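Worksheet for the structure shown next.
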Amino acid sequence: MDAGAVALAYHHFTAARRCRYVPRCGPQQAAPQPIQPCTPNPTATRSAVSYLAEAEDAYSAGKLADASAAYARAVEMEPGNGEAIARQAWLMILRGHPPAITLAQQAVALNPSA
């Protein structure tokens, strides 16, 4: 027997041996489900820009309390947004809130042109 025949016989022997131990898909087994790499998040998320737009709309409508709350949410999401901090400080000044000075100083520190 030459080397090629031995290799072929060994291949058939090991293949037959492996087949006995590998479970086969039959009618009783369910088909594998496709992988979903990105599952959608059931909770809606908003960006700081959307809160800034909401604040601008509320300010234009004269709803200063709503505008201030929307600016506060935008600042929570982006603490380094000097423009949002400056606008929130301006609304707090209009409404007569003392912490507005601290916010205005913080806005100037972040953005000197604010």
Estimated vicinal HN-Hα couplings, Hz - region 89-105 in sequence order (Karplus 6.51, -1.76, 1.60; Gly, Pro = x):
4, 4, 5, 5, 5, 4, 8, x, 8, x, x, 4, 5, 4, 5, 5, 5
Simple spin-label estimate for Asp66/Ala109, 7 Å along Cα→Cβ, in nm, reads 3.3 nm
Whole percent per 10 Å bin, from 0 to the bin with the longest distance: what is P(r) over all C-alpha pairs of region 48-110?
27, 57, 16
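We did not get these values from a lab; they are worked out from the coordinates using the rules stated. Because the structure is predicted, anything quoted here is derived from the model rather than measured. Methodologically, a virtual Cβ is constructed for each residue, glycine included, from the backbone with ideal geometry; neighbour enumeration extends over all protein chains shown.
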